[in-house]
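Enquirer: So that we are looking at the same thing, I have put the structure below in structure tokens.
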Amino acid sequence: MKRIMSISDLGKNDIDVAGGKGANLGELVSAGFNVPPGFVLTTAAYDYFLDTSKIAERIKDVLADLDANSESSLQDASARIREFFDQYEIPNDLKDQILVSFKAMFKGKKQGLVAVRSSATAEDLPTASFAGQQDTYLNVGSPEELLEKVRKCWSSLYTPRAISYRVTKGFEHSKVKLAVVVQKMINSEISGIMFTVDPNSEMPHIIIEAGYGLGEALVGGKVTPDTYVVDKFHDKILNKRISKQSWKLIRGAHGDCDKADVPEEMRSIQKMGDEQILALGEIGRNIEAHYNRPMDIEWCIEEKIIYVVQARPVTTLSSNGFKPSNKTAQDHGLTKSAKVMVKGMGASPGAAGGPVRHVSEEMNLEVVKSGDIMVTTMTSPDMVPAMTRAAAIVTDEGGMTCHAAIVARELGIPCIVGASGASELLKEGTMITVDGTMGVVYDGIAEKKESKLAPTVAIGHATPITGTKVLVNLAIPQKAEEVSKLPVQGVGLMRIEFLFTSYIQEHPCALIEKGESNFLVDKLADGIAMVARAFYPRPVILRTSDFKTNEYRGMKGGDKYEPHEENPMIGWRGCSRYVSDSYREAFKLELKAIKKVREEMGLKNLHVMLPFVRTIDELKKISAMMTDVGLERNLDFKLYLMAEIPCNIFMAEEFAEWCDGFSIGSNDLTQLTMGADRDSDVLGKMGYFDERNDAIKRAIKFLIDAAHRKGRTVSICGQAPSVYPEFTEFLVKAGIDSISLNPDTVVNTLNVIASAEQRILLEAARKNFQ
């Protein structure tokens, strides 16, 4: 085996020769990706050094006495082994080969700087990333420094963190060898990491994290990056999270790296342009296609040129046998009144409780005991032994692709990153619960709660499985946790009106005039999040406000803003209100609350439904308003329309162009089709207001057929299915996609739906038999 090889001569099957990093860089070059040039000291060079120095047996003896559970034992073993590497020079013939290759990199030009990077044979594998376990040295300029850093890389195979990680992952120390990658140094203006699948939810999105300067600050979690989410299949940016960055790592005047301030005007702006984001996403798609698996990619940009500096398989996917927990703190029994202490980005799912244990790099990590919640500014590779004992991890800085996130996902423990101020707010020894799914830290430890609704599911026989989705209607957020125990697939109708009447109790325009817009947004967001969190990851469809003028006028300050209408039921309500100059800004506050729940609280299971949509024109205007506040329809965010006006039925195919589905409001649809006031006792007793009327059933069937032709779904959230079993049977036979029910009727109606579906199958079988 050659002791030195060009990166371009290597491929993904050369891990035993070049280590995981070197092999994958060679594979990228051969596939035509833009990789900084360089060479690799192969594992043969590493073996040659061990043979000439005769230190292999001495290493083996030290490791034989190791107690991997003891921090002091790990530190002692590491120090002794690394001293062995420092005692011996690289053989002269190998030195000469290294320096010749180093000089050849610059082909007669002025000698530049290089990065010296460790590449172990047990890293960047499909089942273990070995993230940050061995050392990397940047901005290496002189031949003497290069030779020194090569030995440092070799010995970094035996840092405490690397020894501990191999023990945890079950790798035999003597079987792991180290190659060294020497590459031209890119003076990065912007750098970051890209996952070609969301590592937390496994959704088919490209996750890009970007920061100013050299990538070590971002990879190490020392800064919180921008996060961009790209639709893998439609070349579209789905979401952006812009983070403030006040400093960056730059090339030092004498090699290595220096910290530099980011100019004030650049600190809070988007790091990359949209075109760059999409171009990078395209590179990610192509790399994934080449490897035929989701990839974790490091990249950087210098003078607008994108370089790929590392690519490895994503190691924490269920397809690799990894089984993450998606349970939230509420699933673990935390009461709904628990105080939120800190919020950040959910980076590794699941929930766990325990005492806060503050950790810093200079501390003895043995202070972290099994079951502790590890809280730190950011983890480093040296903290891995302590991370293996922690029940959960919370960091002040970092993003989805930082060291803490990657290692926590591999360990299968909850992790929250980018939780600004966590180290100050979470006091030593405080008992907390970390919800890594939601990105929230709660005060206290979960206690088991009783549910009033859950037993009704268990009594009698097992809940039937139905092809028709069963959802639930919900108005009161405080009931969400209890209702979420029902055998439903989400919330088909969450009414926002209760939040206005109980949480806010004042007309939205009055609050805007008083300068209390943020109060309105925060209150709405808290109430909405209570429901979305209880049902996570099941979908929650929130219907935006549909008060009538008389109801709005009854709110505090409402007289000033509401007209008197003779018939408010068919007056200024729903979407006509949203597009009016006098109410537009108030509606935008609802949209901002929705955006806050989805983006800041991480509850991507929240979707929107618009009530009382009369025209396509108003729907276009509302879609533009949603775009203005950052809410756009995509694979993760659906827009539904209430179908409750006859025009929604007659023009279903036209409305379908602007939405993802319909939900039938049978009360208003019956009222407006039959010309019967839903509140009229006289007409009700005479039978005029009845959803079972043939006219209503024909309208519903017409809508279902039209929507399905356009590939849209149809649900129903009116009262009828909860009241009339025969109406439920009609809906199933008509082909409805889902039925949203009142909580107390879920179990009984499930049985009705199952029976109706079985009858349909039986009738079809009989026809085929005949």
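The values are calculated or read from the model by the stated rules, or taken from the named source; none is laboratory data. Owing to the predicted nature of the structure, the values given are computational and were not obtained by experimental measurement. So basically every Cβ, Gly included, is an ideal-geometry build from the backbone, and we count neighbours across all protein chains shown. Note: areas computed on protein heavy atoms with side chains; ligands, DNA, RNA excluded. Shrake-Rupley method; radii C 1.70, N 1.55, O 1.52, S 1.80 Å.
Enquirer: Assuming R0 = 30 Å, what is the FRET efficiency of GLU632 and ASN550, from their Cβ-Cβ distance, to the nearest 0.05? Display every interim value, and only then the final one.
Expert: Numbers: r = 34 Å, r/R0 = 1.14.
E between GLU632 and ASN550, to the nearest 0.05, is 0.30.
Enquirer: Continuing with the same structure: What do you reckon, how do TRP154, TRP658, TRP572 stack up by accessible area (1.4 Å probe), largest on top?
Expert: Numbers: TRP154 0, TRP658 85, TRP572 45 Å².
Order by accessible area, largest first: TRP658, TRP572, TRP154.
Enquirer: Would you list which lysines come within 28 Å of LYS767, measuring only between C-alpha atoms, while excluding same-chain residues fewer than 8 positions from it?
Expert: LYS469, LYS697, LYS701, LYS733
Enquirer: Using 0.36 nm per residue of separation minus the Cα-Cα distance, give me the extension gain between GLU362 and MET203 in nm, one decimal. Please report the intermediate quantities before stating the final value.
Expert: Working: separation 159, 0.36 × 159 = 57.24 nm, distance 3.79 nm.
Stretched fully, the GLU362-MET203 segment lengthens by 53.4 nm.
Enquirer: Another question about this same structure. Put a dot 7 Å past each Cα toward the Cβ at VAL340 and MET651; how far apart are the dots in nm?
Expert: Taking the simple label geometry, MET651 and VAL340 are separated by 3.8 nm.
Enquirer: Applying 1/(1 + (r/R0)^6) with R0 = 51 Å to the Cβ-Cβ distance of LYS710 and THR430, what FRET efficiency is obtained, to the nearest 0.05?
Expert: On the way: r = 53 Å, r/R0 = 1.05.
The computed FRET efficiency comes out at 0.45.
Enquirer: Apply the Karplus curve 6.51 cos²θ - 1.76 cosθ + 1.60, θ = phi - 60°, to the phi angles in segment 396-408 and return the couplings in whole Hz, x for Gly and Pro.
Expert: Working through the residues one at a time gives 5, 10, x, x, 4, 10, 6, 4, 4, 5, 5, 5, 4 Hz.
Enquirer: In the chain, what % of DSSP beta bridges are antiparallel (nearest 5)?
Expert: Details: 69 of 107 bridges.
Beta bridges within the chain, antiparallel portion: roughly 65 percent.
Enquirer: From the backbone phi of segment 21-26, what are the Karplus-calculated ³J(HN,Hα) couplings (6.51 cos²θ - 1.76 cosθ + 1.60, θ = phi - 60°) in whole Hz, Gly and Pro given as x?
Expert: Per residue, the Karplus-derived 3J(HN,Hα) values read 5, x, 5, 6, 5, x Hz.
Enquirer: Determine the alpha carbon to alpha carbon distance for each of LYS236/LYS710; LYS620/LYS710; LYS236/LYS592; LYS60/LYS259 and list only those over 30 Å.
Expert: On the way: LYS236/LYS710 22 Å; LYS620/LYS710 18 Å; LYS236/LYS592 22 Å; LYS60/LYS259 40 Å.
Among LYS236/LYS710; LYS620/LYS710; LYS236/LYS592; LYS60/LYS259, the Cα-Cα distance tops 30 Å for LYS60/LYS259.
Enquirer: Could I ask something else about it? Using a probe radius of 1.4 Å on heavy atoms only, what accessible surface per residue do you get for the chain? Whole Å² is fine.
Expert: Values: 31800 Å² over 770 residues.
Accessible area per residue, the chain: 41 Å².
Enquirer: Per-residue accessible area for ASP65 at 1.4 Å probe radius, Å² rounded to 10?
Expert: Spelled out: ASP65, probe radius 1.4 Å, area about 120 Å².
Enquirer: Solvent-accessible area of VAL167, probe 1.4 Å, all protein chains present, reported in Å² to the nearest ten, please.
Expert: Number for this one is 70 Å².
Enquirer: Then there is this: D for segment 617-770, whole µm²/s, Stokes-Einstein with Kirkwood Rh over alpha-carbon pairs at 37 °C and 0.692 mPa s: what number? Numbers along the way, then the final one.
Expert: Values: Rh = 16.9 Å.
Once the numbers are plugged in, D ends up at 194 µm²/s.
Enquirer: Tell me the label-point distance for the pair SER70, GLU148, using the 7 Å Cα-to-Cβ offset, in nm and rounded to one decimal.
Expert: Roughly 3.3 nm, to one decimal.
Enquirer: For segment 162-269, what class follows from the C-alpha gyration tensor (a ≥ b ≥ c being the square roots of its eigenvalues): rounded when a/c is under 1.5, otherwise prolate if a/b is larger than b/c, else oblate? Can you show the working numbers first?
Expert: Details: a/c = 2.21, a/b = 1.15, b/c = 1.92.
Oblate.
Enquirer: Would you kindly state how much longer the chain becomes between PHE498 and ARG766 on full extension, computed as 0.36 nm times their sequence separation minus their alpha carbon distance, in nm to one decimal? Let's see the in-between values first.
Expert: Numbers: separation 268, 0.36 × 268 = 96.48 nm, distance 4.90 nm.
That pair, PHE498 and ARG766, stretches by 91.6 nm at full extension.
Enquirer: Rank these residues by their accessible area, most exposed first, probe 1.4 Å: THR430, THR401. Intermediate results must be reported in sequence, preceding the final value.
Expert: Details: THR430 40, THR401 0 Å².
My answer, sorted largest first, is THR430, THR401.
Enquirer: Between PHE233 and ILE616, what length in nm is gained on full extension when 0.36 nm per residue of separation is reduced by their alpha carbon distance? Numbers along the way, then the final one.
Expert: Details: separation 383, 0.36 × 383 = 137.88 nm, distance 2.81 nm.
Length gained between PHE233 and ILE616: 135.1 nm.
Enquirer: A further question follows. From the alpha carbon gyration tensor of the chain, can you work out the equivalent ellipsoid semi-axes (sqrt of 5 times each eigenvalue) and give them in Å, largest to smallest? Could the numbers behind the result be given before it?
Expert: Details: eigenvalues 658, 140, 131 Å².
Its equivalent ellipsoid spans semi-axes of 57, 26, 26 Å.
Enquirer: Any of LYS54/LYS103; LYS54/LYS95; LYS240/LYS638; LYS107/LYS271 with alpha carbons more than 28 Å apart? Name them for me. Kindly include the intermediate steps, with their values, before the conclusion.
Expert: Working: LYS54/LYS103 30 Å; LYS54/LYS95 18 Å; LYS240/LYS638 17 Å; LYS107/LYS271 34 Å.
Cα-Cα > 28 Å for LYS54/LYS103; LYS107/LYS271; rest within.
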